[in-house]
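Let me begin by presenting the structure, written as structure tokens, before commenting on it.
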Amino acid sequence: MSTDFDFKDMWNKQQIPLLDAKELLAKATELKKNIRSKMIIGNLLLIVTILFIGYIVWHFQPEKLTTKIGVIFTFIAIIMFIFSSIGLIKLLVKNNISTTNAEYLKQLIEIKQKQEFIQSIIMNLYFIFLSIGILLYMIEYAARMTPIGYISTYSITIAWLGFNYFYLRPKSLKKQQKKVNDLIEKIKEMNSQMKEEL
């Protein structure tokens, strides 16, 4: 006998409390919408950032090679992040609650794995390329400052990049991962409960 159940069938037979199943699916749907919305808004902001940087470069015509290389590194960081997040957005869009709970669980695990890949490898590369890009870009303009201004500008920039990378990013990632992990555990628990009732 198959141990794979359809969510709608489960609700109809009320093998587990109907409200709990509905709440769980509502949370799953809300979480996916939330992640998808954040990714789409983030990508749109990054596209606007690329356009803004492009306008600045075109308008101010940087002279030093370091500035141009900095812009290229920044573009690479942004484009790499956008392309990697498109795969996650596709996963979030194609998700279908009408599938069986085992398939739904598999989809959530796939989303979690893609999200972890983006949050670890892609975000690390993003921060490395972005930091190099910003620091190289600033050389031309910081060179016109006094030594105190130069040191202050680089100190503040490096401190801000470090704060984002070492404090804000891990805190945000931990919060996101906890939500997805909790949801996966609840669906696994629901699967176990349904198997026991057979």
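The values are calculated or read from the model by the stated rules, or taken from the named source; none is laboratory data. Because the structure is predicted, anything quoted here is derived from the model rather than measured. Please note: Cβ atoms are built from the backbone with ideal geometry, for glycine as well, and neighbour counts cover all protein chains shown. Only protein heavy atoms, including side chains, enter the accessible area calculation; ligands, DNA and RNA are left aside. Shrake-Rupley method; radii C 1.70, N 1.55, O 1.52, S 1.80 Å.
Structure values in brief
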quantity: ³J(HN,Hα), Karplus 6.51/-1.76/1.60, whole Hz, each residue of the range 59-66, x for Gly, Pro; calculated: 6, 9, 6, x, 9, 7, 5, 4
quantity: Separation of the residue 120 and residue 86 label points, Cα + 7 Å toward Cβ, nm; calculated: 2.5 nm
quantity: Per-residue HN-Hα couplings for the range 139-156 [Karplus 6.51, -1.76, 1.60; θ = phi - 60°; Hz; x = Gly/Pro]; calculated: 4, 4, 8, 5, 5, 7, 8, 6, x, 5, x, 4, 5, 4, 4, 5, 5, 5
quantity: Where labels lie 7 Å past Cα in the beta-carbon direction, separation of residue 175 and residue 141 in nm; calculated: 2.9 nm
quantity: Under Karplus coefficients 6.51, -1.76 and 1.60, residue-wise ³J(HN,Hα) of the range 107-123 in Hz, glycine/proline x; calculated: 5, 5, 5, 5, 4, 4, 5, 5, 5, 5, 4, 5, 6, 9, 5, 5, 5
quantity: Solvent-accessible surface (1.4 angstrom probe) belonging to residue 152, in square angstrom, nearest 10; calculated: 50 Å²
quantity: Potential lengthening between residue 184 and residue 64 on full extension [0.36 nm per residue; Cα-Cα distance subtracted]; calculated: 38.1 nm
quantity: Non-local Lys pairs in the range 111-197, i.e. 8 or more apart or on different chains, that have alpha carbons under 27 Å apart; calculated: 28
quantity: Peptides 129-137, 52-60 ordered by average Cβ neighbours within 10 Å, highest first; calculated: 129-137, 52-60
quantity: Distance histogram in 5 Å bins (all Cα pairs of the range 31-172, percent per bin); calculated: 2, 9, 15, 18, 17, 13, 10, 7, 5, 3, 2, 1, 0, 0
